[in-house]
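The values are calculated or read from the model by the stated rules, or taken from the named source; none is laboratory data. No experiment lies behind these values; they were computed from the predicted model shown. Neighbour counts run over all protein chains shown; Cβ positions are idealised from the backbone, glycine included. Ligands, DNA and RNA are excluded from the accessible area calculation, which covers all protein heavy atoms including side chains. Shrake-Rupley method; radii C 1.70, N 1.55, O 1.52, S 1.80 Å.
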Amino acid sequence: MRDIAIAGAGMAGLHAAESLREAGFDGRITLIGEEGHRPYSRPPLSKEFLTGKGAPAGLDLREDAAFGALDLDWRLGRRARRLRPRERAIELDDGSAVTADGVVIATGSRARRPGTALPGVHALRTVEDAEAVRDAFKAHDRVVVVGAGFIGAEIASSARTAGLEVVLIEAAPTPLTRVVDPRIGSVLTELHRDNGVDVRLGSGVTGFEGRGRVERVRLDDGSAVEAPLVVAGLGALPNTEWLEGSGVEVAAGTGGVLCDEYCRTALPGVYAAGDIAAWPHPRYGGRMRLEHWTNAGEQAAAAVGNLLAGEGAGTPYTPVPYFWSDQYGMKIQLLGQAAPADTAEIVHGSAEDRKFVAFLGRAGMLVGVLGLRSTPKVMRYRRLLSEPTTWQDALAEVSPRS
Ligand SMILES: Cc1cc2nc3c(=O)[nH]c(=O)nc-3n(C[C@H](O)[C@H](O)[C@H](O)COP(=O)(O)OP(=O)(O)OC[C@H]3O[C@@H](n4cnc5c(N)ncnc54)[C@H](O)[C@@H]3O)c2cc1C
């Protein structure tokens, strides 16, 4: 293998390139990225970057010298528009093509944008989006945040830190309804309210109104909320469109690129990693697709390891998923997986104190550990998720002093 092309220059794309070099691959690596930037860190975009507290350098993932040492054929500001399976060639939007022996698909996901062209309505995915929101925070004293998922919650928190009046609108009855038990979701609701956010739960947004720019958000009960500025946190969609007709299988809906346990797609020599990849994780059943920072790096390393190992060799990718979120100076961490129907039991601390560790269980097995302001304890239980652990065995590991 002499030529490897990586589509997508985000966290997964960068780690794919770095892992190839670390493994001693000295052939050509082409890194194709639609954004005009070298890979940068997205998590600060909804946190310190928005409040103006983070220096722009906080987004840098590597020093210039480290990027240079990778000796990559950079194709930044170029979009992959088609994957031609027979020659294993990636066609770019300038009409050129990159032919490779191996391909890593790392085109990630994009923000689901609200369906309006009215100025003053934002979504948040790229550094340009974050700059626009940060500037808007300086120009306005009130913002309506639509969606109380992790990103929406962080935007609300940052807006409060920046001194804005915040209305947080969520269609579901509690924040993170698709992720956690409502009891835990309600802890997060109270966290917003105690920090002065006007939280409107069970309110669907039906439209954005205004003359020349947004002035109001219309809700499904017919009422309107004054909104000189709107930031939407409506989730993300995997960037799979360019793969149409390539033979790479893509799940219906928002499901991403279908891979096997080696992160291999249906096309030989073509692997996927990061936000875009959906692969079977033996401990969780079905296919898993994670929009998590840590996964992007770990999965890219696993995918290129398997690409270099070749067909019939390699190692299944079975990580302990990890996600964190920072809101109002508190860290929320999730190891493993969480679904609303999971059993949730607080094993340290309490919801009232806003400091706890909860075990999440499904079908008699431990599937996740969720913590608020409890980093060392959460991390201590990581090993229970690196192998199958029954709910009873997990509880037996908890000692009041641990
Ligand atoms: C505001 C924000 C805050 C976040 N905070 C956290 C957090 O606190 N904790 C956490 O665990 N995770 C967080 N995440 C999620 C985390 O950033 C993602 O999981 C991670 O960025 C995924 O990396 P990726 O490389 O797979 O995809 P991406 O970061 O999406 O990178 C993919 C790259 O590919 C490019 N691309 C897309 N299509 C093409 C194409 N056709 N041709 C060429 N290039 C293309 C994209 O422009 C992009 O640059 C956050 C995400 C956002 C947006």
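General remarks:
- If you go through the stretch 282-307 and pick out every residue that is free of Cβ contacts under 8 Å to residues at least 40 places away in the same chain, away from the ligand (no atom under 16 Å from the Cβ) and hydrophobic (A, V, I, L, M, F, W, C), you end up with 0.
- Filter result (hydrophobic (A, V, I, L, M, F, W, C) and surrounded by 15 or more Cβ atoms within 10 Å (Cβ to Cβ)) within the stretch 353-364: Phe356, Val357, Ala358, Phe359, Leu360
- Among the residues here, Val214 does not qualify as more than 16 Å from the ligand (Cβ to nearest atom) and either free of Cβ contacts under 8 Å to residues at least 40 places away in the same chain or open to solvent by 60 Å² or more (accessible area, probe 1.4 Å) (or both).
- Residues (more than 20 Å from Ala266 (Cβ to Cβ) and open to solvent by less than 20 Å² (accessible area, probe 1.4 Å)) located in the stretch 71-107: Leu92, Val98
- The selection criterion, being open to solvent by 30 Å² or more (accessible area, probe 1.4 Å) and either modelled with pLDDT under 95 or part of a strand (DSSP E or B) (or both), does not hold for Arg193.
- If you go through the stretch 140-166 and keep only what is in contact with a Gly (Cβ under 6 Å, 6 or more places away or on another chain) and not in a helix (DSSP H, G or I), you end up with Val145, Gly147, Gly149.
- Scan of the stretch 123-167 for residues that are buried (at least 24 other Cβ atoms within 10 Å of the Cβ), within 16 Å of the ligand (Cβ to nearest atom) and over 20 Å from the mean Cα position of the chain (by Cα), ordered by number: Val143, Ala159
- Those residues of the stretch 209-242 which are under 30 Å from Gly102 (Cα atoms) and assigned to a loop (DSSP other than H, G, I, E, B), in sequence order: Asn239, Thr240
- Gly102 being at pLDDT 95 or above and under 30 Å from Glu18 (Cα atoms): yes
- Residues being basic (Lys, Arg) and open to solvent by less than 30 Å² (accessible area, probe 1.4 Å) - total across the stretch 38-70: 1
- All of Arg125, Arg183, Arg200 fail the test of being closer than 13 Å to Gly233 by Cα and of a type in the set (Lys, Arg), apart from Arg125.
- Candidate set: the stretch 304-347, residues that are more than 16 Å from the chain's Cα centre (by Cα) and of a type in the set (Asp, Glu); chosen: the one farthest from Val398 (Cα to Cα): Glu311
- Among (1) in contact with a strand residue (DSSP E or B) (Cβ under 8 Å, 6 or more places away or on another chain); (2) assigned to a helix (DSSP H, G or I) - the single one Gly305 does not satisfy: (1)
- Residue within the stretch 345-352 that is open to solvent by 10 Å² or more (accessible area, probe 1.4 Å), more than 16 Å from the ligand (Cβ to nearest atom) and of a type in the set (Asp, Glu) present: yes
- Evaluation of Gly245 against the conditions (1) within 13 Å of the ligand (Cβ to nearest atom); (2) part of a loop (DSSP other than H, G, I, E, B); (3) closer than 27 Å to Leu92 by Cβ; (4) not acidic (Asp, Glu) shows that the sole unmet condition is (1).
- All of (1) part of a helix (DSSP H, G or I); (2) polar (S, T, N, Q); (3) away from the ligand (no atom under 16 Å from the Cβ) hold for Thr315 with one exception: (1).
- Scope the stretch 244-258; condition surrounded by 18 or more Cβ atoms within 10 Å (Cβ to Cβ) and either out of contact with any Lys or Arg (no Cβ under 8 Å at 6 or more places or on another chain) or of a type in the set (Asp, Glu) (or both); matching residues: Val248, Val250, Val257
- Total residues in the stretch 63-91, condition modelled with pLDDT under 95 and basic (Lys, Arg): 2
- The lone exception for Trp279 - which of (1) within 16 Å of the ligand (Cβ to nearest atom); (2) surrounded by fewer than 20 Cβ atoms within 10 Å (Cβ to Cβ); (3) not in a helix (DSSP H, G or I) it fails: (2)
- Residue count for the stretch 107-134, restricted to those that are at pLDDT 95 or above, assigned to a loop (DSSP other than H, G, I, E, B) and small (Gly, Ala, Ser): 2
- Extreme residue, most open to solvent (accessible area, probe 1.4 Å), among residues of the stretch 308-343 that are closer than 16 Å to Gly274 by Cα and β-branched (Val, Ile, Thr): Thr318
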